[in-house]
Every structure is written in structure tokens, then in C-alpha cells.
1. How do the pairs read when you match residues in region 34-59 that are part of a helix (DSSP H, G or I) with residues anywhere that are β-branched (V, I, T) and open to solvent by 50 Å² or more (accessible area, probe 1.4 Å), using Cβ under 7 Å and keeping only pairs 6 or more apart or on different chains?
2. How many residues, within region 59-80, are within 16 Å of the chain's Cα centre (by Cα) and either under 15 Å from G96 (Cα atoms) or open to solvent by less than 10 Å² (accessible area, probe 1.4 Å) (or both)?
3. Just to verify a result, which residue in region 113-128, among those that are modelled with pLDDT of 90 or more and among the hydrophobic types (A, V, I, L, M, F, W, C), is surrounded by the fewest Cβ atoms within 10 Å (Cβ to Cβ)?
4. For region 80-120, which positions are within 19 Å of L1 (Cβ to Cβ) and touching a residue at least 60 places away in the same chain (Cβ under 8 Å)?
Amino acid sequence: LGLMVMMTVQIAGYFGLMNWLPTIVQKQLNLNVSSSSIWMISTIIGMSIGMMTFGNIFDHFGPRRAFAIFLIGSAVMVYVLSLAQNMATLLIIGAGMGFFSNGMFGGYGAVISRLYPTEIRSSANNIIVNIGRAIGGFSSVVIGILMDHYNLTVVMGFLSALYIISFIVMMSLPGLKELSNND
């Protein structure tokens, strides 16, 4: 259940960021569509670097520390994005946000493969990831509703809070704690 919560946050953060942030950024900095696509490229480059880096961090520090770094980094960078005042800071923050928020995605498969026996590993992975995807996919709707009623700071605070919730859940997972102690 804890891994499902974490995966839900992972998917909710990704869909929320990639679906709504171009609109948010366009409004925040008065950008046109082509300028916001530059921000998207920066974010995607950050995501790619994060995904290539996470495995090394995971192997070196263990799963709990690796996820902790990326979950706290995600919470901070998502919120800091609401403070961007110009295109240069937007590109830097966007790359950092992409690095942390999507970099840890590959770690879920590694954790699941360590926590579940071979006989049910594939089923566990499919159930955890797809329930997370099914629930997390609604984040675009929730963020849209929040944007109608609240300002950008509240919306970004909501997304940041999701990563903090995921961090708390991750820290309470006994299997993950045991893996970290053995590493």
C-alpha cells in the first residue's frame, strides 16, 4: 500500500506538472506557447538526467536515502518554480524540478524487485504501478479545480505537499528500511 501511495504521487506529480505547468508558466511570466516549449525542453532534459543519475545514487546510498533526496528535492523544486521571475530562472528551476520529480521513477522497479519474491514480482509491479497510474492520473483534474479557486502558490504548495506525503510514507515502509540497513 505504501508503494502504491508513492507511485500515485509519482504519477500525480508528473501528470500535474507536464499537463498544467505550461499554462501556469505562460500566465506567470506572460510567455507565448513557443517560449513555454523551451521550458518544457529544459524540464525534460532535467528528467532524463535525473533518470540516468538515480540508479547510481540508489546503489551508492541505498533506496531510503535515494528516495529521500529525490522526494525532498521534488517538494522544494516544485514550490520554488512558483517563485520564478524570468526565463533564465525558469529554465534552471524547470531542469532541477524535472531532475528530482521524475528521476526517481526507475527506482520503483528496483525496490519492487527486491521486496517481492520472483513468483509474484511481475504481478506486484503491475498492480502497484497501474493503481498509482489510475489514481495519480486524476491529478490533472484536481489541479485544474485548484487553479480555478486558488492562486499559484497554493497549487504549487499542494503538489509539494504530495511529495512530502510520499516521503513520510517511504520512511515508514518496513521493507524499504530493511533493504537500506542491509545495503
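1. Filtered contacts from region 34-59: I57/I69.
2. If we filter region 59-80 for residues that are within 16 Å of the chain's Cα centre (by Cα), which is where we start, we get 63-80.
Narrowing the set further to residues that are either under 15 Å from G96 (Cα atoms) or open to solvent by less than 10 Å² (accessible area, probe 1.4 Å) (or both) leaves 63, 66-67, 69-80.
So the count comes out to 15.
3. I120
4. Hits for region 80-120 are M104, Y108, V111, I112, R114, L115.
One line per residue, one yes/no per condition, for (1) within 16 Å of the chain's Cα centre (by Cα); (2) more than 23 Å from I41 (Cβ to Cβ); (3) of a type in the set (S, T, Y):
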residue: G96; (1), (2), (3): yes, no, no
residue: G103; (1), (2), (3): yes, no, no
residue: A110; (1), (2), (3): no, yes, no
residue: L115; (1), (2), (3): no, yes, no
residue: L152; (1), (2), (3): no, no, no
residue: V155; (1), (2), (3): yes, no, no
residue: I168; (1), (2), (3): yes, yes, no
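The values are calculated or read from the model by the stated rules, or taken from the named source; none is laboratory data. Note that the structure is a prediction, hence the values are computed from the model and not measured. Cβ: placed from backbone, ideal geometry, glycine included. Neighbour counts: every protein chain shown. Each accessible area value is taken on the protein alone, full model and side chains, heavy atoms only, with ligands, DNA and RNA left out. Shrake-Rupley method; radii C 1.70, N 1.55, O 1.52, S 1.80 Å.
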